[in-house]
Structure formats: C-alpha cells, structure tokens
Amino acid sequence: MNKKECIAMLLAGGQGTRLGVLTKKLAKPAVPFGGKYRIIDFTLSNCVNSGIDTVGVLTQFQPLQLHSYIGIGGPWDLDRERGGVMVLPPFVRSDGGQWYKGTANAVYQNLGYLETYQPEYVLVLSGDHVYKMDYGKMLEFHKNNNASATIAVIEVPIEEASRFGIMNTDSDKKIIDFEEKPKQPKNNLASMGVYIFNYDVLKKYLEEDANDPGSSNDFGKNIIPKMLISGERMFAYPFDGYWKDVGTLESLWEANMDLLGPKHKFDLYDRNWRVYSVNPNQPPHYIASSSKVENSLVNEGCLIYGECFNSVLFPGVYIGKGAKVYDAVIMLGAKILEGAFVRKAIIGTNAVISENCLIGQKDILLQETPLTVVGDDEVVAPGLSVFGIHERGGLKNVFKYE
Amino acid sequence: MNKKECIAMLLAGGQGTRLGVLTKKLAKPAVPFGGKYRIIDFTLSNCVNSGIDTVGVLTQFQPLQLHSYIGIGGPWDLDRERGGVMVLPPFVRSDGGQWYKGTANAVYQNLGYLETYQPEYVLVLSGDHVYKMDYGKMLEFHKNNNASATIAVIEVPIEEASRFGIMNTDSDKKIIDFEEKPKQPKNNLASMGVYIFNYDVLKKYLEEDANDPGSSNDFGKNIIPKMLISGERMFAYPFDGYWKDVGTLESLWEANMDLLGPKHKFDLYDRNWRVYSVNPNQPPHYIASSSKVENSLVNEGCLIYGECFNSVLFPGVYIGKGAKVYDAVIMLGAKILEGAFVRKAIIGTNAVISENCLIGQKDILLQETPLTVVGDDEVVAPGLSVFGIHERGGLKNVFKYE
Amino acid sequence: MSLNMNNVMGVIILTERKDKLKELTLNRALAAVPFGARYRIIDFALSNLVNAGVRNVGVFVQEKYRSLMDHLGIGKEWDLNRQRDGLFILPPEKYADGSTSWLLNGDILLLRRHLDYLLRSKQEYVILMTNPIIWNVNFTTVLKDHLDKQADITIVYHLTDHQNCLGTFTEINTDRQEKITAVKVNPLINQSSKLSLDTFIIGRKKLMEIMDSSISTGGSDFVRDIIIPNLDKLLIYGYQFEGYARKINSLECYYKTSMELLNPKISKELFYANGPIYTKVKNEPPAIYTKTAEVKNSLIANGCIIKGRIENSILFRGVKVGQNAVVKNSIVMQKTELDYGVSLENVIIDKDCFISAEKKLMGAASYPLVISKKTQL
Amino acid sequence: MSLNMNNVMGVIILTERKDKLKELTLNRALAAVPFGARYRIIDFALSNLVNAGVRNVGVFVQEKYRSLMDHLGIGKEWDLNRQRDGLFILPPEKYADGSTSWLLNGDILLLRRHLDYLLRSKQEYVILMTNPIIWNVNFTTVLKDHLDKQADITIVYHLTDHQNCLGTFTEINTDRQEKITAVKVNPLINQSSKLSLDTFIIGRKKLMEIMDSSISTGGSDFVRDIIIPNLDKLLIYGYQFEGYARKINSLECYYKTSMELLNPKISKELFYANGPIYTKVKNEPPAIYTKTAEVKNSLIANGCIIKGRIENSILFRGVKVGQNAVVKNSIVMQKTELDYGVSLENVIIDKDCFISAEKKLMGAASYPLVISKKTQL
C-alpha cells in the first residue's frame, strides 16, 4: 500500500510581497484569514475532503511558523501512517545545495519524495487561494479525457484576465493555446494554478526543464507552454465556485468580507466540506452588556465591550467600551481600545489601536474608501488618525484629521 | 509557561562523508545503528531522559528521511503542546536565503526560534554520537560554577587526541586553554561536542561571529576560542561513561559490536535510561530448526535459517540455510542467501548477498581483518567474493578468492 | 529537596455515586459535566496540575466514566500523552478480588485498587484531590508551603461565608501557624468559615503507608479515617487559597457558579490566572452573528450561529439560536438548536436538544429547569 | 458503483459472554487475547479492513473491554485516528432504556443499541463480523464478488474437514452459483464441509431495515433471525475464502492455531499476504541472544533476553529465559520471566508471571497447562 494513486504537491514557498506588512516574517500561505484559519487551511482541507491523503508542502521563505503550524498534519487528518503531509524545504545533496528557483524547480528537486510513492498522478497546488474544490472530480475528468495534464480554470472578468494564465480550448475543453499573463487576453478562462499531471509525463518535462539553462523553471511560464508545443493532450477543467487569490491586501480584505452576510459568498459552516485548522485553546468569548455585535464572525478569547459591525474578529481580540468597528478584519490578539473608531481596515496580529484613535475614514461611503492596514505588533498612539498602510518606523499615507 | 529554562539545539546537518556508501542519500544522524535505532535516537533520548523537552534539530543535508523519521517527535515523547521537537532547515528571509555555513551559523540563523522560548540556557549537541548522558547534571554543574559556558569532556587515548578539541583546565575544572584538533596535544581531555551556554552570552558571541567575515562560523574553531580570549568563565564537565563518535565506518561497526557480550559496553536494556526510537511494525522473528544464533541482537521481521554469531540484525533480515554470519551488522531487509559466508562486515539496507558469496575474509583472525562494507541496495552476485568497500557501479578493493 | 514539580504526581479520585446534578449526571460522572461554554468540570483540576509542571496524573473512576474517557482520550490536550508518566484513567477492575459488585464506598478503597500505580510512580509527592474544584490555583506555591512547613499533609482550604451552595463539606480549624486543630465533616452547626477544598499534598510513600494501616483497620475515607485520627500524630497544616474556588455538588450550585462566570473579573481569573485551562479541542468555525443578533452579557463558544437575543447566558459550541428567539439567564450546551421564536429563562439545556419554534421554557432563578440530553421538544 | 473501499464500513460485534479461553479470558474479551508473539486476536480483523481501504470501523463490545480499549486506544496504529470516520468503540450504554441489566443476548441487539452510529455513517456497504477470525483476507475481492453477483448478503465461508477445533459453528450449503441454499447453526450431524467465517457483506440501509423488522418481531441473532428466515426472500450468496483461516473458540483451538504459526508458510501468509497486520507498538530493544542461547523453530518478539533453550515455542515481548531453562511447545506472554533452569512443556503462561529457578511445568499437547496473569511460582 505504499503506492498512492494521486499525491499533491503544494507550493508554499512564496513570500507574497504584495501582502506587505503581513508577510515580513511569514510565508504567504501562513497568513491568517477568516477569523481562525490560515490561507493554507483551505487547500489542505480540499485535499482531505477530496480523498487525497498524501501532500508534500514545498516551503522556502520564513517557514518556521508554517512548519510548526502544519506539524504532522493532525488537524487536517493528514497524520497518516502511510502518506500524510510532509514539509519539503530546500536541502543539500552530495553535489551541493540549491534553493528552489521556480515552482517547477521546487517539484523537480523533490522527485525523490514523489518516487517513494510511485504515484500515477500528481496534483500541483498553490497554497494561497481561498476556495472549495473537489480534486477527485477533476481527477475523474482528467482520466476520462485520457489527458497528460489538466488545468483547472475559472472565468474571470476580462479586464482582469491579463493577471492570469489564459487558455483557449476547443469544444471538448482541450487546450489549444495558453498564455501566461497576456497583455491582450483572447478570452477570460484563467488558470487557477491547480494542475493534474500524469506522473511519468511530469517527470520527463521537469527533467528536461532542469537541463534548460534559459528556463525560469516555472509551471505557467515554462512547463505548460513546452507541453503544449510538444503536442501533449491537455485539458481545461472548468470550475465555477468561489475562488479568490488573496495575494494583495485588498483581496485579502475582500475575501474576509465575503464570509459575511448578506452575501455569504463563502460558507464556513458547510458540514459536507469542512475547513480544518489548528484550534487554539482560548476561553469562550464574552459580549458585555454595553456592546453590540452584528453581522460578524467572532472567535473564542474575544472580549467585546464596544460595537462591531460587518467584521471578522480573530481569537483574543479586545474591543473596548465606546469603540466602534466597521467592515474590519482584526487579527489575533489585537486590541481596539476605548473610544477608538475603525472602518475598512486590517489590524495586524497583536496590534494596539489606542484610545480614541481613528483608523480609516469616518464619514465616507464604504465603496469609495481605500483600505487601511496596521501591521503586526504596531501600537497606534492615543488619539492618532491613520489612513492607509501603517508600519513600524514610519507611516505611509497617514492623514491626520485633527 | 512559554518560557523554558534550557532548550537544546541539535546539529544534524552533516553528511558524514566518512561513512561513505551509507550516507549518500542520508544525513549522518539518520544512519541506522544497533538493530533498530538511528544515531540521532541516542541524543534525543538523552534530552528526554534529562528532562529537556524542547529540542531544535538543525538539518541541511538530505533531510527527507530525517524529517519524516522525527515527525513531531512522538516516539521520544517530544510531541509536546509547548516545546517539543522542531526541525529547523535553512530558509529564505526577506533579505534572501543562506545555507548554514558552520555549526555556529546554523544556530545563529535560528535565534528567532530560540527567542520564542526565552531560555536561560542553551544546550548545543551533535547528532552523531552514541552515549547516555544526563544533561541535567551537567546543567547543575554549569549553574554551580556560575559559568558562561560549559563543555563536556572525556579522556581519549593521547594518540587520538589530535582528532578532537583538547582542553587544559585548572584544578576547579575551569578551562584555561582550548585547541581545536591540535597537532601536538598537550593532554587528552577531549570535547564531546556538548556545550551549555548562558543564552545571553551565546547570543552576543553568535552575533559578533556572524559579523566577522573571516570566521568559519564554527563552535570549536571560532566561538569557544573567542570566548576564552574574552575571559568568559568556562568549565569542563568531565564525563566517564561510554561515548563513541560513529563518524567512520570502522567506528560504526565497533560501536555495534560494543552492544554485544561478553563486553556489553553499552546496555540497551537499561530501564532507567531507555533509548527511544520509531518502532517498525514487523511480525516476530522466526528461528528455524536448522539455525543457530549466539551472542547476537535480533529484530522483529527476521527469518533465520542459517547461523549467526556476534552480530546485529536489523528488522526483516533473512539468513538462508547454510549461510554463516560472524561479527557483522546486517541492516534493514538485507538478505544473506543460502550458503553465503559473512565475516566482519556491514551489509547495507536491502542489500542482497547471493548464494555462496564470501564477504570478508574466511580464515583470518578477527583483530587483523579489515572491515568489509556492502552499500545499500547492492546485490552481490552468486559465488562472488568481496573484501573491502562495495558500491554500485564499481568495486573497490575486491579480492576474488576463487 | 528542590521545588521540582517533576517530583509531584496528581491523583484525582472520583467517588461520587449519586446523581448529584440530576439529569446532568444521569449518564456521566460529575467531573465530565460540561461547564463554562467549552470545558468539563475536570478540566480545571487537570490544567492546574499540568500548568504547575506535574507530568503524571491518575484519575480514579468508579462508574459512568465513558464520557469522561471520551473527553480525556490519551490526554493530548493536557500534554499528558507520554510514554513514561502521563495520564492514567483507572477504573476498578471487576473480578480483581473475585467479588461481583465492584462499587466501593470510600476514596481510599478506590485508590487501593490500583496500588501498583502508586507503587511504580517515581514522584516523591502526591497532590490528591477527592473532588474536582473549579479554580485556577498555583500548585507550585502550595507545594513550596508544604515543604517550608515540613508538613506531613497539607489541606488546601478557603474562607467562605457558608452562603454558597454547600452540599457535603469539611470544616477545619487552624492555629496561628496554620496547623490544623480540628476537622469536622458535615457538622450541623458551623463553627469555622474555613472549608476544605478537598485538595491535599502528601508524600507518596507516606500516603501508601497510612492508607494501608487505615484500611487494614476498617478505614475507607481519607478525611474521616486518615486525617482526623492523625491530627495529633502527624504534622497536618492548612494552606489558605485566596482566589476564586467553587465545589460543585448540587444543581443549584452548578447554575450559580456558571452564572458567576459572567463576571469578567471571575472569568479572567479562572481562565488565565496561573495558566490556561485546557480542554478537548474541536474543529468549529467562528461564531456567527447575523444582522438580527442581539447579545448582552454572555459567554459564547465557537461554532454558534446567533440570530436571536441572548442575555446573561452561556452558549456552548455549535448552538444555534433562531430569529426572534430569546435566551435569558440560561445555559445551552453543545449543538442544541433553538428554533424561531423560542423563549428560555432560567433553563439548562443539555447537549443535542432541539426546541421547536415558539416554545417557551421557564425555570426559577433558584431552581433552574433542566432539559436532558437529546430531548426534542 | 465503483469498487471504492471508502464506501465500505466495518462492524465488529463482540458478543461472547463466557470465558471461552478459560484463564486467558477471565479479565479480557476474547478479541483482546494476545496471539502470535506480539498481536491480539482483533488485530487481524482490523488490519484486513484497513488494508482494504476501509476507514470507518465500529467495534461493538459487551463487557470486559478495558484491555481491548487499552490496546486499541485512538486507533493510531491502524491509521484509524481520524476526525471524520475512524475507529469507534461502542459499549452498551447503561440506563439507555432505563433497564439495570445491560448484557444483551444477541449480536443484532447489541448493534441496535448504537443505531445512530449506523445511521450517521455515510458508507453504502457494511463488512459485518460477528467473530474475530485469524486470517489475512483481501476484502476488495470479496466486495467485488458481492457487487458482481448483485447480492443482498454475502457470507464468507471456507472448506474444512471438521477436524479443526470447532466449538460453535455455522454450516452452509450453496448451489453451483454459490447461492446459499441452507444454513445450520451447530447441527449435530455435519452435512457440509462449508463453514461460515462469521463475516458478511450487506448494504448499510438494508442491514438497518431487516434488523429493525427482525428485532421488532423478537429476533436477536444475525444468522438465526436474519439470514435463515430470508434465504428465499433475499439474494444471499457465499464467497469461498481459500486461504488460511481459524476461528478461535476454545483453549485447545487457541493453542493449536498458535502452534501452526511455526509453519513459515502459514505465518508468511498470515503476516504478509494482503498487507501487514498492525498492532500496538511498544518501544522494546532487539531480542538478545547470549552465548548459551539455543533456539529452534520458534517465533520471538523484541525485548526478549534468551539465555536458555527454546523449541517450538512462541515468546511475546520482553520475555526473559534464564540459563539452562528449557521451553518446549509453549507460549510465553509479555514480560514473563523464567528463571535459571525452569522447564516448560505444553504450557501457556500469561503476562507478567515469574517462574522461579528449576520449576518444572508440563501440560498435555491436547490440553495445555495455563498459568494466569501475574502468577508468581
């Protein structure tokens, strides 16, 4: 039973520089999301819910939190005697050590890991998207098409298409061309960064790619185009559920808001597709008599004396008396002290918004207001107003109201 | 309780090139030893038996087996909610990635890990020695001496002293000088590579060392001499139990032989100092009517039809009818087929010694015979004689007898 | 002897045979009763031990211990899943002495059934608890006091005005040096405001020795047959615990103590003072408050979906409160669902119940209404 | 319907109430009796399920299940420690229906007590075992046969010459298409060499349905009250298992089956054929053979220290055999110690015994002597 039909390789090495202050000491897949999750929880839960119990997680950037978060995978039922989750950081061989040069190179360097399971199929995933997807159905589609590779695709607004890998398919969903981030996208079928490969085919192309000094060793830029040119049977698997790339601060905030009513674009309460995560041990949250909480997600360990609307509160958040929080994401242990006002903001882990601060704009309509972000561990001094991105050692775009 | 008084940093990044064929795809601390252990088991068990429950394992070379072997540390009781064992491979930061340049650099790069526990003391260990030592007593000694650093020392034969870091101490065991691998050793007090540092002192010297471009970032070569020059209080903690550096094939073989009677230099059966390891699931071993087993260690999963004297058999070893094995270490799943003869040898994991092979010398006195080693997965063809080191793609020092 | 908590083991004896908390203890031991929105009563005793560094804990159980075993599992959440020492759940072995009835009257009789556990443990001291108290105590301080006084036995007590739910209790008197001068079990006339917290420190060997000599002369109860007869012979001291502590031994007391948690000062002390309280973790999403939610002065666990009004109440994990529902001064346990317009006041609802739309349930503040597990109304 | 073993659940019902294996089952369920130097009897049933890909297994127990629970723990060794599905140990809940006696006569009565487990399981098929067999079977093949024949129930049987230890048994007759034509429980006159292996495949919903209708009309036993009355109404097929299989239901049978393990062909099939047999792992050093050891035709687990002579015997973990001791045709269980010069022949010694120097113990080959757990001789 050492053989596994399909195993997943989850790319989790990126820094996610566009998440700015949130990923300075944290790999992007470890960024907190949705009140108690980290971004990688969604992909890991997808694997388990799809019946895939062997997952290699390729790490490189600041992996300490990610490694200790994943452990041996208990929370996701991936602490298996055979298979399970395995963290795969870069390493040194007899002939020296190499960092992962690109997504394809990361998988290439771990062919030895794949080899131990002799899989028929390899599922390549990114650790930085929020979605629920049954990879089992995609595998079924892949097999039925007798494909060498299958790429999951989603329709995106045509004006955003140039940010993605864009495909053209024939009526059977066979891919006829693929362009990575085209300037003039021919349509709006975007790659979700979810690939299934026949293992033997993947191995061949990875080895060729490794010997090509001109390659940037990337799936989207090199492997996929090369396979298409070589005439491999490649198919696009259409997905039409919720899918969000949370690679920017704005999209991270939006995705959090999508968890709330009345839209409820993403349902965390679906018992048939549970999202697993490490569960912190915190006491129940307390809502005081002076408080008001509406249309929000609240976690254990929170103490709420103030008011909270359309917001996502991580464990251990404090909202003082008279404080008002609107449309905000307040991360682990952050404190909004008495009388502070927060609107359309992300408040980082353990940050403190002191008494009577004003975070974001007070009296402007939501749609028109840009996002305000306060970084991890920041302390915003009493009475200060912050608008934009706030980082230690300097304020960017800070407008004082008073 | 996040604070820990003393935490261990276990250096497990080395390849152990002198173990040749056994460490091509394996970090040295993961090399099998003693029938069911790996070398690192001894150091990890020492930690647990000494009451140290927080251990960072610094890996770099071919860590896959080591990572999956250690997991989250269950077998050593190091799967703790707070603390426990944590694998620390090299990683990439915002300002780029660096491999571990030396032992001191490896610890330096993980000051962030140490910082989370705010220890008072840091115990630095190597993962490639076989010994039982109560680090708790050493810590007591360190505290009583009000030392900045304490180095465990053992007396070695003076003719071997030049392989070690050698100390001179005054009558209070205070170190007065230290030479790494001196050509003319002044005495025989050798460093065991076991250090206790006050955390604040260690941090200071590691940071200085990191800023010194001329340093090779090594504890023995740089940190210890620098501290001595600076006048830090450093003491030598004398250890007089069994201690073996299993860094060469010969010493690895010897250490295995030391487990057997009548010498029994190292007792695996000591209930007060258990050696923990991952336990493979194999059926009981079977000794047939045609076999003879004397003065040997035998593991589950073995099938013995032949004869076996003064040997250490790993799980799943097969010894065919008429085969004779003397003074040998036979690793996991290796097969000694019918009529083969093995003397003074290490047979690698899953190697096959075919029918009527002769491994080692048949009729020479033990003390005078050099060691013969057959590498992992090697198949020695029927009737062949091997003497020396046997590797895929070429035989070194092979003498044919017939 | 240094203050090394590795040298201390914990022993929790759960002897109670009666259904002290009525419907709540019909099928579970008192120690396994859910408490405080996500805990069970025993979590406090266990967490206090673990937070002090104790690594070896034996829980002696008598019957109805299935839900307790489910809850404790292999002790992982308390970091007691260990190859040496760790958590031991010790039920009486039937047949062990050939008898058919294996219910024992008396804590030390239960303890003696697994004497081998005490024998093979290596720790020098035992923290013995004959009742799981709701508190957050620093046992390192208690041990230090025990060692400083060179006591044979230390009894932890607190001052109380006798107004709190009493049930069975043990009253003690001490002299100025805290040496115990008198101990009375359930006296009719109260003479002291010092009540035992049923928590003791004693040497392991001493415990085995005096237990043996007591049982062999007919003894069965730690306080009655070991403490009281030895007041003159042994050095028995009191240790006054000054924090919040409650012994749960009636339904009224359970309800009252639960409601006290709504005081943030009390819950802060209980949940954080000397370390966190550990419990079995469950994978639950955050609690969701809809636009119609209206919550005041309440403790709420993860996994709840709240559309109605909650006041002065405690909601366990995964409780659903429908629109227009009103929950006042009530305790609602795991996964219970309150449909549209349900109204509760002074009610305790056990796990997995379903209360259908518009139903009204009301108990008295001093006599809460209890709805049994899995009830459908 | 594809051959997806995720769609199959396992149910093991342990009903036996008598001490079938004498001293060996005095304090433990038959399923928990040590077997084969490092296993317990239930390991074979569980491992077969897991090796076929079954991820949801319920073990219904009746009493004396403490050692079974200790052994199975959270199911980690069988890879059944899971958040969804996994291993469930289901003892009868006392008080569940207000009755005081909770021992039930009949496998389906026991099953019905936890009907909610069957109800909330999501798998379409159930592999039902009413006796833990010693075998290594590929359940995927059995399921394929069940699906190919579109059977309602499949009964797994084997051919036997009736010479093997019988105890209770169920004889079946089949036609050429393997459709079952007759089933007899414990007939006095044997007419068929086809004996049931007490292992069945049936649809989960079908099982609940016919169980309900059977129990509501007085039924209690799966074979007698469900199989036999439905032979004409349902499609009930046999599946002939051609490998090695033994049902342990007497001490003689336990001893005989154990000794058969010394045949490497049999042990190879049992331990490896369709995947390994999993069991609780213990941290034990390798077995040590001294210069005076002399071992022939024996199975030996880790942790043994062997200084004496062993012949045709089975030694469990951590057994010590002193110098000049002779062990013949015997089974020695965990941690038992045989001192200098002890001599055993046809003996079964349970765990943790100590046999002092020069003692001689001898049973008959057909009637082995049994020494109870923890005996000191």
Residue separation times 0.36 nm, minus the C-alpha to C-alpha distance between C:SER356 and C:LYS282: what's the value? 24.0 nm
All other residues with a Cβ under 13 Å from the Cβ of D:TRP135 taken together, and with Lys, Arg as +1 and Asp, Glu as -1, what is their net charge? -3
Ratio of alpha-carbon Rg to the 2.2 N^0.38 Å globular estimate for chain B, to two decimals, please. 1.04
Once each part is reduced to its C-alpha centroid, what is the distance from the stretch C:231-295 to the stretch A:320-355 in angstrom? 28 Å
What is the list of residues in the stretch B:261-288 whose amide nitrogen lies under 18 Å from a point 7 angstrom out from the Cα of D:TYR340, following Cα to Cβ? none
In whole Hz, with x marking every Gly and Pro, tabulate ³J(HN,Hα) for the stretch C:108-121 from phi via Karplus 6.51 cos²θ - 1.76 cosθ + 1.60, θ = phi - 60°. 6, 5, 5, 5, 5, 4, 10, 4, 4, 5, 5, 5, 8, 5
Note down the nm distance, to one decimal, between modelled labels 7 Å out along Cα→Cβ at D:ASP175 and at B:LYS362. 6.9 nm
Cut-off 13 Å, label 7 Å out along Cα→Cβ of A:ARG271, residues of the stretch C:308-327 by amide N: C:318-320
Candidate aspartates and glutamates - alpha carbon under 15 Å from C:LYS122, same-chain residues fewer than 8 apart omitted: C:ASP85
Max mean-square fluctuation residue, GNM over chain C, Cα-Cα springs under 10 Å, options C:TYR125, C:TYR278, C:TYR289: C:TYR289
Quick one: in chain D, whose Cβ comes closest to the D/C rotation axis, and how close in angstrom? D:ILE74, 3
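Equivalent-ellipsoid semi-axes (√(5λ), Cα gyration tensor) for the stretch B:63-143, whole Å, largest first?
On the way: eigenvalues 107, 65, 42 Å².
They are 23, 18, 14 Å, listed from largest to smallest.
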GluC sites (Glu not before Pro) restricted to the stretch D:148-247 and DSSP loop, no more than 12 other C-beta within 10 Å: D:GLU242
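Averaged across B:287-295, how many Cβ atoms of other chains sit within 10 Å of each residue's Cβ atom?
On the way: counts 13, 6, 7, 2, 3, 5, 8, 7, 6.
Per residue, the number of nearby Cβ atoms from other chains is 6 on average.
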Taking the label point 7 Å from Cα in the Cβ direction, how far apart in nm is C:THR217 from each other copy of itself, listed shortest first? 6.9
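Just need the relative contact order of chain B here, percent rounded to a whole number, with Cα pairs under 8 Å and 6+ apart. Don't skip to the end; give the middle numbers.
Working: 948 pairs, mean separation 51.8, N = 402.
Relative CO of chain B lands at 13 percent.
Provide the FRET efficiency to the nearest 0.05 for the B:SER230-B:LYS143 pair, computing r from the beta carbons and using R0 = 22 Å.
On the way: r = 21 Å, r/R0 = 0.95.
Given R0 = 22 Å and the Cβ-Cβ separation, E is 0.60.
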Along the stretch D:210-218, what does the Karplus equation 6.51 cos²θ - 1.76 cosθ + 1.60 (θ = phi - 60°) give for ³J(HN,Hα), rounded to whole Hz, x for Gly and Pro? 6, 5, 4, 6, 5, 5, 5, 10, x
Inter-copy distances for A:ASP363, label 7 Å out on the Cα-Cβ vector, sorted ascending, nm, one decimal, are 10.9
Karplus couplings for the stretch B:311-318 from phi (6.51 cos²θ - 1.76 cosθ + 1.60, θ = phi - 60°), rounded to Hz, Gly and Pro as x? 9, 10, 10, 6, x, x, 6, 10
Neighbouring partner chain Cβ atoms per residue of B:84-97, average, 10 Å criterion: 6
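Would you mind calculating the gained length between A:ASP172 and A:LEU111 on full extension (0.36 nm times residue separation, minus the Cα-Cα distance), in nm to one decimal? Don't skip to the answer; put the middle values down first.
Numbers: separation 61, 0.36 × 61 = 21.96 nm, distance 3.18 nm.
Additional length available on full extension: 18.8 nm.
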Long pairs among A:LYS137/C:LYS351; A:LYS203/B:LYS36; A:LYS36/A:LYS137; D:LYS179/D:LYS280; C:LYS205/D:LYS335; B:LYS4/C:LYS335, criterion Cα-Cα beyond 32 Å: A:LYS137/C:LYS351; A:LYS203/B:LYS36; D:LYS179/D:LYS280; B:LYS4/C:LYS335
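Suppose R0 equals 30 Å; then what is the FRET efficiency for D:ASN263 and A:GLN118 from their Cβ-Cβ distance, rounded to the nearest 0.05? Could the numbers behind the result be given before it?
Working: r = 33 Å, r/R0 = 1.10.
Computed FRET efficiency for D:ASN263 and A:GLN118: 0.35.
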Longest principal axis of chain B (C-alpha) makes with the long axis of helix B:135-144 (C-alpha) an angle, in degrees to the nearest 10, of 20 degrees
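Given axes a ≥ b ≥ c from the Cα gyration tensor, I'd like to know whether the stretch C:288-371 is rounded (a/c under 1.5), prolate (a/b larger than b/c) or oblate. Write out the running numbers ahead of the final one.
Details: a/c = 1.35, a/b = 1.32, b/c = 1.02.
Taking the square roots of the gyration eigenvalues as a ≥ b ≥ c, the stretch C:288-371 is rounded.
So what is the relative contact order for the stretch D:288-371, in percent, with contacts set as C-alpha pairs under 8 Å and at least six apart? Provide the component values of the computation, followed by the final result.
Details: 260 pairs, mean separation 16.5, N = 84.
Normalised by residue count, the contact order of the stretch D:288-371 is 20 percent.
What is chain D's relative contact order, in percent, from Cα pairs under 8 angstrom and six or more apart in sequence? Numbers along the way, then the final one.
Working: 839 pairs, mean separation 57.5, N = 377.
Relative contact order here is 15 percent.
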Taking only Cα atoms of the protein assembly as shown, the Rg to Rh ratio with Kirkwood Rh works out at 0.95
Lys and Arg at +1, Asp and Glu at -1: add these up for the other residues within a Cβ distance under 12 Å of A:VAL153 and post the number. -1
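Mind checking the mean number of beta-carbon atoms from other chains within 10 Å of the Cβ atoms in A:74-81? Working shown, then result.
Numbers: counts 5, 3, 2, 8, 0, 7, 3, 9.
Taking the mean over all residues of the peptide, I get 5.
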Give me Rg over Rh for chain C, both radii from the alpha carbons and Rh done the Kirkwood way, two decimal places. 0.99
Where does each of C:ASP107, C:ASP352 land when they are ranked from fewest to most other beta-carbon atoms within 10 angstrom? C:ASP352, C:ASP107
By counting other Cβ atoms within 10 Å of each Cβ, how are C:PHE271, C:PHE200 ranked from fewest to most? C:PHE271, C:PHE200
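No lab work stands behind these numbers, since they all come straight from the coordinates. Note that the coordinates shown come from a computational prediction; the quantities given were computed from them, not determined experimentally. Methodologically, a virtual Cβ is constructed for each residue, glycine included, from the backbone with ideal geometry; neighbour enumeration extends over all protein chains shown.
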